[in-house]
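Colleague: One structure, as structure tokens, below. Some questions next.
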């Protein structure tokens, strides 16, 4: 990673540190976990636009959470969920036609507007009423597309399962044995590298920073009875797995380069990575927690890994897994 250092008057390599930051907004002080970039040569802090943008997003998220306001990614989820554009949705709600565009670009909505958007996100029938009542405000094409999206919500085949459950099933079928601890870590690595290579997360569900590493809560409770023993699932079938071929391929590489390690080794690997450490900040070793590992932290970390290791293809994940293992255990071990 390179940036311009004013002290060195040159383009330099830099490193990034996680730091505690504070900002005053409208007379109120907000604390959040941010990042800072430092020159590898003189160790002075340097300006990096993507670090600035990251800090602004984190501050914005903290502010919105404190004020109870909807987040930008939640507004984007509304647009995707109901297959509606920013301008048509603004017109459906009786707002200025550029209102949603401004909100998606980062403007903060008023409390009443935020509450309406939150209700729309959570209640499809409420949105259906608005769509029917104000359909004359948008084009017939936009109305039909959005109504089709509303009608399709929750209409799934009897056997269809979501992405997270599909990934779990695929991992169980493609490994000879896997413990609940190892399963959680493979899911976490799959989420991170899928984002880095495709610019999209594989799972909607959030991952929590538990004492023993990243955990998907529902998956934990589903398999916790196995303890430290391998999971034994009977009658598994590929027929109801809702994964694309690209998603299956990524999981194959996760199995190949991380599935060769024990659950405990994988736990130590995730403990060394920034997303889990940031989420656990201020907690004691072994202390229980349901803190979310923010998707923005997962995205930033794995994007940096992809860039640092010059990953062009999924096979390049091997370099990271081997390097991480050797750094943790001070030995080189062949994963294949």
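No lab work stands behind these numbers, since they all come straight from the coordinates. Bear in mind the structure is a predicted one, so any value in this text is a computation, not a measurement. FYI the Cβ positions are ideal-geometry reconstructions off the backbone, even for glycines, and counts take in every protein chain you see.
Colleague: Largest first, please: the extent of the C-alpha atoms of the chain along each principal axis, to the nearest Å.
Modeller: Each principal axis gives a Cα extent; for the chain these are 67, 63, 38 Å.
Colleague: Mind giving me the nanometre distance, one decimal, between the label points for residue 206 and residue 220, set 7 Å out from Cα along Cα→Cβ?
Modeller: In this crude label model, residue 206 to residue 220 measures out at 1.4 nm.
Colleague: Which FRET efficiency value, to the nearest 0.05, is calculated for residue 67 and residue 303 with the Förster distance at 35 angstrom and r the Cβ-Cβ distance?
Modeller: 0.75
Colleague: Go from 0 up to the bin containing the longest alpha carbon distance in segment 72-152, width 10 Å each, and give me the % of pairs per bin.
Modeller: 19, 60, 21, 0
Colleague: Can you pull the one-decimal nm distance between simple spin-label points at residue 262 and residue 2, each 7 Å off the Cα toward Cβ?
Modeller: Placing both labels 7 Å beyond Cα along the Cβ direction yields 4.4 nm.
Colleague: Run the paramagnetic zone check for residue 43: 7 angstrom along Cα to Cβ, then residues of segment 1-29 with backbone nitrogen under 14 Å.
Modeller: In segment 1-29, the label zone of residue 43 (backbone N under 14 Å from the point 7 Å along Cα→Cβ) covers 15.
Colleague: Another one. Any chance you could run the full-extension gain for residue 316 through residue 246? It's 0.36 nm times the residue separation minus the Cα-Cα distance, nm to one decimal.
Modeller: Length gained between residue 316 and residue 246: 23.6 nm.
Colleague: What is the gain in length, in nm to one decimal, between residue 104 and residue 52 on full extension, counting 0.36 nm per residue of separation less the C-alpha to C-alpha distance?
Modeller: 16.9 nm
Colleague: Once every Cα of segment 184-268 carries one equal point scatterer and solvent is ignored, give the base-10 log of I(q)/I(0) from the Debye formula at q = 0.10 Å⁻¹, two decimals.
Modeller: -0.27
Colleague: In whole Å, what are the extents of segment 163-329 along the principal axes defined by its C-alpha atoms, from largest to smallest?
Modeller: 43, 38, 31
Colleague: Follow-up. In nm, to one decimal, how far is the modelled label at residue 129 from the one at residue 20, with both set 7 Å along Cα→Cβ?
Modeller: The modelled label-to-label distance comes out at 4.6 nm.
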